[in-house]
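Structure, as structure tokens:
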Amino acid sequence: GCSALLNTYMRFGRNSNDTGEVRKLQQFLNDNVQANLPVTGFFGSMTDSAVRKFQVNHTAQVLTPWGISDPTGYVYKTTQRWINLSYCSTLNIPMPDLF
């Protein structure tokens, strides 16, 4: 079995981002959207752009539940859920409450 990759929410420019979580996110994006990110643990503009690309690639699972079509760059409820399910397809992660 495998487990969830990400356990915290994160976004561009937030000082409270967990650097270990950001490193895992960056490696995931390198592996899954060929982001070619340096794995630094810093959520800068390159990581933000790669998250947005992931969100656009998975609009139905990540953006549509919120009723939006433009990517946000935030690794929040639905983005985190879809990253975790993409990383480990055997997980049972229900759709979170959004509001």
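Remarks
- The Cα trace of segment 32-89 gives Rg and Dmax of 11.2, 33 Å, the first to one decimal, the second as a whole number.
- Cβ crowding within 10 Å averaged over residues, with 82-91, 61-70 ranked highest first: 82-91, 61-70
- Rounded accessible area of D97 (nearest 10 Å², 1.4 Å probe): 130 Å²
- Placing a pseudo-label 7 Å from each Cα along the Cα-to-Cβ vector at I93 and I68 gives an inter-label distance of 1.8 nm.
- Principal axis box of the chain, alpha-carbon based, largest edge first, Å: 34, 30, 26
- Per residue, the accessible area of the chain comes to 57 Å² when a 1.4 Å probe rolls over the protein heavy atoms.
- When each of the peptides 47-58, 24-35 is scored by how many other beta carbons lie within 10 Å of its residues on average, the order from highest to lowest is 47-58, 24-35.
- Label point 7 Å beyond Cα of S16 along Cβ direction - residues of segment 64-89 with amide nitrogen under 17 Å: 74-77
- Surface share of carbon and sulfur [accessible, 1.4 angstrom probe, percent] for segment 1-95: 50 percent
The values are calculated or read from the model by the stated rules, or taken from the named source; none is laboratory data. Computed from a prediction, not measured in an experiment: that's the story for all the values here. Positions of Cβ are generated from backbone atoms using ideal geometry, with glycine treated the same way; all protein chains shown enter the neighbour counts. For the accessible areas, the whole protein counts, side chains as well, though only heavy atoms, and no ligand, DNA or RNA atoms are used. Shrake-Rupley method; radii C 1.70, N 1.55, O 1.52, S 1.80 Å.
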